[in-house]
Structures are given as structure tokens and as C-alpha cells.
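A.B. asks: Below is one structure. I have some questions about it.
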Amino acid sequence: MTRSPFAMYGRELGALALALLWCVPFYYLAIVSLKPTTEIFADPVGFPDRLEFANYAEAWAGTMGVSLGKAMLNSLIVTVGSVLSVILIGSVTAYVIARNGRRMGTLMYFFFVAGIILPHQLSVVPLYSAMRQIGLVGNHLGLIVLYSGLMTPMSVFLYSGFVRTLPADYEEAAEVDGASRGRIFRMVIFPLLAPVTGTVAVMVGMVVWNDFFIQLIFLSGSPAQTLPVAIYGFVGEFSARWNLVFAAVFVSIAPILAFYLFAQRQLIQGFTGGIK
Amino acid sequence: MAKIQFDGVGKRYDNGAHAVRDLNLTIEDGEFMVVVGPSGCGKSTALRMAAGLEPITEGRLLFDGHEVNALSARDRDVAMVFQNYALYPHMTVSENIAFPLASRGMAKDEIAQRVARAAETLGLTEYLSRRPKALSGGQRQRVAMGRAIVRDPRLFLMDEPLSNLDAKLRNQMRAEIIGLQKTQGVTTLYVTHDQTEAMTMGDRIAIMRGGVLQQAGAPRDLYDHPANLFVAAFIGSPAMNLFQADLRFTDSGPVLVTSGGTLELGPGAALPARARDHDNRTVVVGLRPEHLSLGDGPGPSLAATLTLTEELPPEKLLHTLITAETPMTDQVVAVAADVDASAVGDLAQDARAHRSRLVARLPVDTPVPASGPLDLRFDPARLHLFDARDGQVIR
């Protein structure tokens, strides 16, 4: 059966039009970030009369003494630190739980699953109080510790499900080959967990990079403030400089977009791959 | 290399079930011992206990006279080839083979030399940089062997290593493993449920059933002198022909009375010494397919009906039926069940019809009718007699 070229072009155009819909927010983000303050509410959707590139320079200077570049670095430190910490703690914990057939293993598993369900917002006040006492408020380490605690249950859940599907033969072969428990995990098990590690890394990375609530509470006013907190600095009590907010948001999504474009193939493989 | 002794070794699970009971077996230094038996007979558990992957709950396991029960797998200095090879998928062939050496902290130069040597022995040199998924089944099997031989272990353990290969490759790898074992001279414990593998590879064979060792000995010894009905039915392809009969000693010599008639064995029939103790008792009679013949030669003959002829040059197999009770002891049923559930159904059907199936193995050029009645002749000296009550051989 030969396909009509017109039908094919029609389908392509339809798909393109649908894809363009996803570009609308980006268009809006771009034009507002380049509008003068006076035009934002007068003509929010229209193309600006003149492009105000100075908005970017002003946004880059940041608020409360922390530039956007510094805030981005802070976000990067907190995100990378949290991702590494969650991967390390989650994978080791899940391995022990999944390979422990006894009742204690099951209990531990449900303990972590319960951690996914409980709303962490309930514990913010006592957490803040406790963390301030031990000097973990207003710095990177505090946030990394906090996110590790919040995200580890989900990672344990994902990792333990994956570990259960791994044949025990690999570990047994390594054990007979003379490897210690640590070496077996490091050299054999952890590399086999690569697909789920990719999932955990992306999931934790997205949550930490985009989270606002916890970062606002634990970093507000400190030099360690991250991008969401720095951007929020442009929103005042009586007025908000939305063109600067939008410029800052545009800058803040750039690293994520760049990472996705760079690692697109690996990410898709990570989500869809298995042990081959 | 080491002498391995299972001294009353047993494996009992928390629910009280025994996987292995009172296993007493010695594997001499450099010997190739094959443990064979149907699924669930405890052979893999015995192997895993030797590896240190399964705790021993009863008895002692000795390596060169030293108890190793409490030693972990990594400290036993054994090498194991798994059924699905267990090659690390993220490592290259070279890294896979080097893994046991690196785990023991060997110097990099020494590792490289040994890996190169093992790869050369197994014809893997050009594949060293490949990942396991880029290899064929036979090559993966060789890599698994490479990982085992690379560090001169005291004991090779092999858990059905050929079961994932096709028949042709299996024959080739069988020969390679035998050659490798002889060259290396390492004591080997090889587990399989394939009796052809067992017969062709092992210096000795140990046959297990239900966690209990049935008999251990040289392949030919087990074939010619099975200790019980299970061993008799398990070893040999086609299997030993079995039928029930009453043994009677008359003035004209011993006779076997079946539901189809009386079979006179003749006054000079050389029966086992203790056969007289079974006078007037039901016994199970065993005859190997190659000990049946056609024609007018000496010896008694069985009236049979030919149902099927299979030509497998240089021989042909004659499938026949005789009127005699089929033994339905648990040992015979266990062997049939290992073949297939339908084999048990066939046995039950034969038992209800008071008939037994006999297979004769003859040279391919022997003239035989297409079907119908024929006489199967045999030498009474070739008969195997088993006690119908406990299945033990009558010696």
C-alpha cells in the first residue's frame, strides 16, 4: 500500500502545530523577560516595542547580595550533593533490604515506604528548630542532609524493586571469585543498577533544582540561597518586577535544557533499559 | 587441588524439609566427579554447600582433611561455573576473567599475563575487549570457564554448565571441559541432570534422589551393576527394560512367572547368589535393550508384539509390548516423572493393561517385520533382579 504524500505532509503539519503549542510558554517567558516594566501589564502577550536586554543584566546581579550566577552555583552544589547522597544511601539501603529475606528486611522496607507517604511539610517547624541548633540552616550541607532524608524513601522503593529482579547468580559468582561484600556491591551490583540510578538521579535532581518551599525556609537571607529563592527576591511586598523574574527563570532553565540536550540519549536509555 | 569429603553432610531448612540427607562421598584429588539426578534431588544443593553458598546444617565438609563448614565462599578457594554463566554484563571478557584475580589483590602485570594465558587456552584472545552480550552461547561458556581456570583453584564446581547450549555445541564443549580438566588436573564436582553428560564426562558418578545418594561409582560400574531400581532406570538411554514376575525355583531350574506365561531360564541359568532367598516372591526383572536379540539362538525368549521401529544407524530400536506387569514402584515412577508427566501416565496405562514396554537395540541391518509378534531372546546371565518391595538389587 502506497501512502499519499499529501496525507503524510498533513500529518507532519498537524504534529508540528501540536508541538508549537508547547512553545507558547517559552515564547511568553522570552518576550516578558525582554519587556520594559511599563509594558508588562499594558500589553502582556504582544511583542515588545523595544527589547530590554538590560533586564538580563539586572536579573543577573541578583538580590540580597547574591548574584544569579552564585545562586546557580548554590543550586548546583545542593542538587549534585543531594543526588549523590540519595543514590549512595538509597542503593546501599535497598540492596541490604532486598537481599534480606527475613522479617527485619520487610519491616525496614515498609518503614521507608511510609516515608514516601508522610507529608514532610508537617515536620518543617521542628526540623527547622533542630537543624538550626546543629548549625545546618543557611548552608549547603543542611539542605543536602534535608533532601537526602526526604528523597531516600522514594529511592529505596525504586532501588529495592530493581534489586529484586537481579539474579543472585552475579553476587554468588563474585563471592566465589573471592570478592568482599563491599567489592561485590561496588564492582558488580552498583553498575547493574545503572538504569534505576539514572531514574533516581533525574527524579531527585528535578525535585531539588525546582523546589522552592524548603529552600525558602532554610536558606532565606543567607549567602547560600539557591535559584528559586534568588528569583523570589524580585517579588516584593508591594510590587513584583516580573520582567526580571522571567529573565531569571529563563537563565535558570538553561542548564537543565543544556543537560537534557546533551544527555538525551543516555536518559532515554536509562528510563527504558534493563540488564542485557 | 584437593581431596573433598562429604562426611554425613545434610541440608535441613527451617521448615524441617531436607534437601540433602547424610551425604557421604569422597572426591579424590584431581578426580572428575559428576553428580546426577532428576530435578529436586539435592545435587545443586550439595554443590552449593561445597561452594559455601549454602550453609551446611548437618555433618562435615572436608577439604584435604580440614573442615570448611564455617569458611565463607570467598575463603574456600574454589571456582564455580554457573548454569547461566553469571558473566558480569557491564565488564568486558578480559575484565570478567580478571575479576577473581583482582578480588584477591594480585598485581596488574600478573593479572594481564594470566588472563592472556587463559584466553589463549580457550581461544578467546580476539574477544577480550567484547562485552558478554556480544558473544555467542559457546563463547560465553568459555568465558565462564576462563574465569574458573584463571586462578588455579583447589576445586572446580560446575552447575549444569552445558544446559543452555544446543546439542551440537554441547558435545563440543563436553569434550573441551574434559580436556581442560585433565590438563589442569583440578578436582572437579560437576552437577547435571543429563545422564549422557554424566556417563561420558565423569571418572565417577554419584546418583542422587530425594536428597539421598543412591550409588557412586565408575560410569560402567553403575551401568552394569545398578544398586537399585532407581539407578537402573535412570542410567542408560534407552532405559533398562523392567517388568514384574514371580521368581520360582523348580526342578527344571529357575522360572519367571508373568501374567503372560512362564519363562523358563534353564537349569544352568547364572542368577545372583541371593536370588534363592526370593523364591516364590515377586521380583522386578531388568534387561538392557542391547541384551535382547531376535532369532533362534540359545536362551529363553519373550513373546512380544512389535509396535514401532526407530532406525538410528548404526542401530535400530524396536519398541515392543509384552504381557507382564509394569512395576509401579516409587523409584520407577520418579524416573518417569523426571522425563515428563506423560511418561507417568503411560506407565499407569501399561499397569492397568497388565503389559510392559520393552525396547530392543539391534544392528540397523537386522531384518525385522513391520509389526506384529516376535520373540525377544536374552541371556539369563544378563538379567538384573530387584526386590519388588524395596527396589534393591538382588546380588
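The values are calculated or read from the model by the stated rules, or taken from the named source; none is laboratory data. Bear in mind that the values here come from a model prediction, so they are computed numbers and not experimental data. A quick note on method: Cβ atoms are made from the backbone with ideal geometry, for glycine too, and the neighbour counts reach across all protein chains shown. Heavy atoms of the whole protein, side chains included, go into the accessibility calculation; ligands, DNA and RNA do not. Shrake-Rupley method; radii C 1.70, N 1.55, O 1.52, S 1.80 Å.
A.B. asks: Among B:351, B:51, A:239, pick out the residue whose Cα is farthest towards the positive end of the charge dipole of the protein assembly as shown, where Lys and Arg carry +1 and Asp and Glu carry -1 on C-beta, about the Cα centre.
C.D. replies: Of the listed residues, the answer is A:239.
A.B. asks: Next question. Note down the Stokes-Einstein diffusion coefficient of region B:4-228 in µm²/s, whole number, using a Kirkwood radius over alpha carbon pairs, 4 °C, and 1.567 mPa s. If you can, show how the numbers build up before the last one.
C.D. replies: On the way: Rh = 18.0 Å.
The Stokes-Einstein estimate is 72 µm²/s.
A.B. asks: Counting only protein heavy atoms, what percent of the accessible surface of region A:64-233 is carbon or sulfur at a 1.4 Å probe?
C.D. replies: On the way: 5530 of 7720 Å².
Exposed carbon and sulfur together represent 72 percent of the surface.
A.B. asks: I've got another one for you. Taking a quarter of the surface of the Cα convex hull of region B:233-387, what do you get in nm²? Provide the component values of the computation, followed by the final result.
C.D. replies: Values: hull surface 36.8 nm².
For region B:233-387, the mean projected area of the Cα convex hull comes to 9.2 nm².
A.B. asks: Given H placed 1.01 Å from N in the peptide plane, which residues other than close sequence neighbours of residue B:292 have an amide H under 5 Å from its amide H?
C.D. replies: Amide H to amide H, under 5 Å and 5 or more residues apart or across chains, residue B:292 pairs with B:361.
A.B. asks: Let me ask you something else. Based on DSSP H assignment, which helices of chain B show an axial Cα extent of at least 15 Å together with a mean Kyte-Doolittle hydropathy greater than or equal to -1.0? Let's see the in-between values first.
C.D. replies: On the way: long enough: B:93-103 (16 Å, 0.79); B:108-121 (20 Å, -0.84); B:137-149 (18 Å, -0.58); B:167-184 (25 Å, -0.74); B:341-352 (17 Å, -0.08).
The qualifying helices are B:93-103, B:108-121, B:137-149, B:167-184, B:341-352.
A.B. asks: Something else: Once you put a point 7 Å from the Cα of residue B:12 and another 7 Å from the Cα of residue A:19, both along the Cβ direction, what distance in nm separates them?
C.D. replies: If labels sit at residue B:12 and residue A:19, their model points lie 7.0 nm apart.
A.B. asks: Enumerate lysine pairs in the protein assembly as shown that are 8 or more residues apart or on different chains, then count those whose Cα atoms are under 27 Å apart.
C.D. replies: Counting lysine pairs in the protein assembly as shown gives 13.
A.B. asks: In region B:233-387, what percent of the accessible surface is made up of carbon and sulfur (1.4 Å probe, ligands and nucleic acids excluded)?
C.D. replies: On the way: 3630 of 7200 Å².
Of all accessible area on region B:233-387, carbon and sulfur atoms account for 50 percent.
A.B. asks: A follow-up question, please. Rounded to the nearest 10 Å², what accessible area does residue B:131 show when all protein chains are kept and the probe is 1.4 Å?
C.D. replies: So the heavy atoms of residue B:131 present about 110 Å² to solvent.
A.B. asks: Mark the label point 7 Å from the Cα of residue B:1 along Cα→Cβ and return the residues of region B:22-57 whose backbone N is within less than 16 Å of it.
C.D. replies: Under 16 Å, as judged by backbone N against the label point of residue B:1, lie B:27-33 of region B:22-57.
A.B. asks: A further question on this structure: Could you calculate the FRET efficiency of residue B:337 with residue A:168 from 1/(1 + (r/R0)^6), where r is the beta carbon distance between them and R0 is 25 Å, rounded to 0.05? Please report the intermediate quantities before stating the final value.
C.D. replies: Working: r = 28 Å, r/R0 = 1.10.
Computed FRET efficiency for residue B:337 and residue A:168: 0.35.
A.B. asks: Something else now. Using a 1.4 angstrom probe on protein heavy atoms only, which residues from region A:169-183 are buried by at least 40 Å² of accessible area when all chains are present rather than their own chain alone?
C.D. replies: Listed by number, the residues meeting the 40 Å² cut-off are A:169, A:170, A:172, A:173, A:175, A:176, A:177, A:178, A:183.
A.B. asks: Quote the total accessible area buried by chains B and A together, excluding ligands, DNA and RNA, probe 1.4 Å, nearest 100 Å². It would help to have the intermediate numbers written out before the result.
C.D. replies: Numbers: alone 17740 and 16460 Å², together 32350 Å².
Looking at B and A, the buried total is near 1900 Å².
A.B. asks: Protein chains only, probe 1.4 Å: how do A:151, B:173, B:199, B:328 rank by accessible area, largest first? List each step's numbers first, then the result.
C.D. replies: On the way: A:151 25, B:173 5, B:199 55, B:328 80 Å².
Sorted by accessible area, descending: B:328, B:199, A:151, B:173.
A.B. asks: Another question about this same structure. Short version: what are the Cα gyration tensor semi-axes of the protein assembly as shown, square root of 5 times each eigenvalue, largest first, in whole Å?
C.D. replies: On the way: eigenvalues 1112, 171, 111 Å².
Here the semi-axes work out to 75, 29, 24 Å.
A.B. asks: Output the relative contact order of chain B, whole-number percent, from Cα pairs under 8 angstrom with separation of 6+ residues. If you can, show how the numbers build up before the last one.
C.D. replies: On the way: 838 pairs, mean separation 63.1, N = 395.
Worked out over chain B, it gives 16 percent.
A.B. asks: On C-alpha positions alone, give me the angle between the axis of helix A:140-165 and the longest principal axis of chain A, in degrees, nearest 10.
C.D. replies: 50 degrees
A.B. asks: Another question, then. Once you charge only the Cβ atoms, +1 for Lys and Arg and -1 for Asp and Glu, what is the size of the charge dipole of region B:4-228 about its Cα centre, to the nearest 20 debye? Please report the intermediate quantities before stating the final value.
C.D. replies: Details: 27 positive and 27 negative charges, 144 e Å.
Roughly 700 debye for region B:4-228.
A.B. asks: Sticking with this structure for a sec: With a 1.4 Å probe and all protein chains left in place, how much accessible area per residue does region B:4-228 have, in Å²? Provide the component values of the computation, followed by the final result.
C.D. replies: On the way: 8930 Å² over 225 residues.
Per-residue value: 40 Å².
A.B. asks: On full extension of the chain, what length is gained from residue A:260 through residue A:203, given 0.36 nm per residue of separation minus the C-alpha to C-alpha distance?
C.D. replies: On the way: separation 57, 0.36 × 57 = 20.52 nm, distance 1.31 nm.
Taking residue A:260 through residue A:203 to full extension adds about 19.2 nm, to one decimal.
A.B. asks: Quick one: net charge around residue B:249, please, counting Lys, Arg +1 and Asp, Glu -1 for every other residue with C-beta under 10 Å from its C-beta. Don't skip to the answer; put the middle values down first.
C.D. replies: Numbers: positive: B:248, B:276; negative: B:251, B:279.
My count for the surroundings of residue B:249 gives 0.
A.B. asks: Which value does Rg/Rh take for chain B over its C-alpha atoms, Rh per Kirkwood? Spell out each step's value before the answer.
C.D. replies: Values: Rg = 24.5 Å, Rh = 23.3 Å.
Reported Rg/Rh, Kirkwood definition of Rh: 1.05.
A.B. asks: Related question: If you wrap a convex hull around the Cα atoms of region A:64-233, how much volume per residue is inside, in Å³? List each step's numbers first, then the result.
C.D. replies: On the way: hull volume 21.0 nm³, N = 170.
Each residue corresponds to 123 Å³ of Cα convex hull volume.
A.B. asks: Of B:320, B:121, B:258, which has the most accessible area and how do the rest follow, probe 1.4 Å? Could the numbers behind the result be given before it?
C.D. replies: On the way: B:320 5, B:121 80, B:258 25 Å².
Putting B:320, B:121, B:258 in descending order of accessible area: B:121, B:258, B:320.
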